[in-house]
1. Note down the net charge around TYR10, summing +1 for each Lys or Arg and -1 for each Asp or Glu among other residues with Cβ under 15 Å from its Cβ.
2. Full extension from GLU167 to GLN36: what is 0.36 nm times the residue separation minus their Cα-Cα distance, to one decimal in nm?
3. Given labels modelled 7 Å from the Cα in the Cβ direction, how far is it in nm from ILE154 to LYS49?
4. Could you give the length gained by full extension between ALA259 and LEU207, i.e. 0.36 nm per residue of separation minus their alpha carbon distance, to one decimal place?
5. Mind checking the log10 I(q)/I(0) for region 153-262 at q = 0.11, 0.12, 0.21 Å⁻¹? Debye, one equal scatterer per Cα, no solvent, two decimals.
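Bear in mind that the values in this text are calculations on the coordinates, not laboratory data. Note that the structure is predicted; figures quoted are calculated from it, not measured. Here the Cβ positions follow ideal geometry from the backbone for every residue, glycine too, while neighbour counts run over all protein chains shown.
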Amino acid sequence: MNTNFRGRIYPSGSSNGFAVDVSVDSGGNLVASDGQNSAHWKAEELKLKLGGCAEDRIVISCPSGDTIISTDLKVLDALAGSGSEIGVEVKKTRKQQSSATWRRRFGFVGIPMLIFGAPGGIVTLFVLIGLCSAFMTGFEGTSPSTKSNEEEAIKLATEKEEKEATEARSHYEEFALQHMKGHWHPARFKKAPKTIVAVVLNGEGTLSSIEVLNSSGNKKFDDAVESAVNKAQPFPAPPSTVKEPVSLNLQFTNSSVCAAPQ
């Protein structure tokens, strides 16, 4: 059985992407499908790297010029198990991802700790502390204009981080919506029912709660909506930049599901 991953594909020459299911088939091919159309590429022809909105997001460059971005790093395991020559690319990308993780967790000493082990990283930390202490007097004498520049730089960095987090959350909400669409197969009703529910997902993409905000007036239809949401678990896991639970308001009708109008 193929293992599916959620991803977003950007066609060649386009900055507009859309959500797809990504998998590696028994022939060692990478397959991307939006539920109606699909495309596949030989694994050994792919190029891997980290990037996108977060430095630990996997980016797959296809020979067709298309680019696939996935938040699920387990896609590396699927490619490594394809039996193709892409194993070298997987090993290189895993090393980059490990480096990114250490930088995120341990800051400046992350890379020395990764290379030299914990003792080397700790020594580096003490060296940095010593350098900071040596220049402390100079820092205290920083002119007002320099301090103003530093504050502006911190402000810009904070705004950039918040913008990236907002974009990541928006992309994830679209991933979750596309995932739900693939699990909504309602029975037909004579009237056109419409139910709006509030869905809360935790950091692993598991359903925390579901609440009916606007009932259709048809209990069978409302029950079908709640059952479909429960059966759609687990949803794609949010990226690491999304720190809080994700709340989605979804509108279900006889034929579709979409984001509920605000």
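1. Overall, the nearby charge balance is +1.
2. Length gained, GLU167 through GLN36: 44.5 nm.
3. 3.3
4. Between ALA259 and LEU207, full extension yields 17.0 nm more.
5. -0.39, -0.45, -1.07
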